[in-house]
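*Asks:* Here it is, the structure, as structure tokens.
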Amino acid sequence: MKILFVDDEEVIRDLFQEIFGTEYELVLAGTGEQGLTLAESEVFDLIITDIRLPRMNGIEFITKLREKGVETPFIVITGNQDIQISINALRLGAVDFFLKPFRMEAIRYSLLRFKNLFYAGKDLVDKRMFQVRESRQKFALLPRLGNLNQYVHLILRSLAHLPALGNEDQLSLKVALYELIGNAIEHGCARITYHQKQELMFQENDYFSYVDKICEEKEEWIQVEVDYDDTRVTVSLEDGGEGFDPARVPDPVQDPNASQLSGRGIFLVRMNVDSLSYNEKGNKVTFVKKLREAVTAG
């Protein structure tokens, strides 16, 4: 995976290179102008940019990319004082955000979740791990974090023919599906609490394999229903877990100092869809995404 990392602090760029340089193909930039030139001339799978950059800040940088038709997914790095700016970045299509001071482990976890973003997933269909249950777009997914990116790709592929489905809509759906399917696997099927996740992330060398091993011992599937028309996409996901109360999950806007692993997923989903609701038990979630081109045309 090829990543463009934009930060005006040389020590941060060097640290990022040292930690992730052997895992990913990295290109570093110290200003938004440099990042813009690189992003226009090269193809990247992901852009990570600091909000506070000299002359052209991170929001301006991403805005100019979008104006030029560059739809590369991006992550923003920000401080507590810039949380409103971060919300604006999410509206531009940011797939994640990190508050300073941040842990490199948190970035590593996010990168792992998106590493296989463009994998086709055909092998999962051949192995019957991803099954189309009805022609009305009902899917069943074996809970495996290792397959998460491919599951998302397969679901989105089923929507590829929608005429009003633009690049921004696809990116928003990717973010929502990644977060919600991941939650269904980790917290629903594996029964890992948010508190336990924070501890396990720093105890286990391969957190993904740890979660998948738990899920392999259970005979559970995640049920996904996708309904759509020319104006919107509605997705429901249900797992076999005990459920939870989403109102008790920390809101990073109200409490920026809350855990970076708790509440961020739900917050990211809310910023990318038009409505989000849970059933009373808390093990089924439904979201609606209005298609941007259809809304604009209307």
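The values are calculated or read from the model by the stated rules, or taken from the named source; none is laboratory data. Small disclaimer: the values here were computed from a predicted structure and weren't measured. With ideal geometry, Cβ positions are generated from the backbone for all residues, glycine too; neighbour counts draw on all protein chains shown. For accessibility, only protein heavy atoms count, side chains too; no ligands or nucleic acids. Shrake-Rupley method; radii C 1.70, N 1.55, O 1.52, S 1.80 Å.
*Asks:* Within the group GLU71, GLU67, which residue is open to solvent by 50 Å² or more (accessible area, probe 1.4 Å), of a type outside the set (A, V, I, L, M) and touching a helix residue (DSSP H, G or I) at 6+ places or on another chain (Cβ under 6 Å)?
*Replies:* The match here is GLU71.
*Asks:* Restricting the search to the range 137-177, which residues are small (Gly, Ala, Ser) and modelled with pLDDT under 85?
*Replies:* SER158, ALA160, ALA164, GLY166
*Asks:* OK, next. Mind checking which residues of the range 202-219 are surrounded by 17 or more Cβ atoms within 10 Å (Cβ to Cβ) and either within 19 Å of the chain's Cα centre (by Cα) or charged (D, E, K, R) (or both)?
*Replies:* Those that are surrounded by 17 or more Cβ atoms within 10 Å (Cβ to Cβ) and either within 19 Å of the chain's Cα centre (by Cα) or charged (D, E, K, R) (or both): TYR207, PHE208, VAL211, ASP212.
*Asks:* Of these, ILE62, ILE87, which one is open to solvent by less than 10 Å² (accessible area, probe 1.4 Å) and either more than 20 Å from GLU9 (Cα to Cα) or modelled with pLDDT of 85 or more (or both)?
*Replies:* Criteria check complete, one pass: ILE62.
*Asks:* For the range 1-11, name all the residues that are touching a residue at least 12 places away in the same chain (Cβ under 8 Å), open to solvent by 40 Å² or more (accessible area, probe 1.4 Å) and among the aliphatic types (A, V, I, L, M).
*Replies:* Answer for the range 1-11, where residues must be touching a residue at least 12 places away in the same chain (Cβ under 8 Å), open to solvent by 40 Å² or more (accessible area, probe 1.4 Å) and among the aliphatic types (A, V, I, L, M): just MET1.
*Asks:* Condition first: among the basic types (Lys, Arg), in contact (Cβ under 8 Å) with a residue 24 or more places away in the chain and not in a strand (DSSP E or B). Can you find one or more residues in the range 31-52 that meet it?
*Replies:* yes
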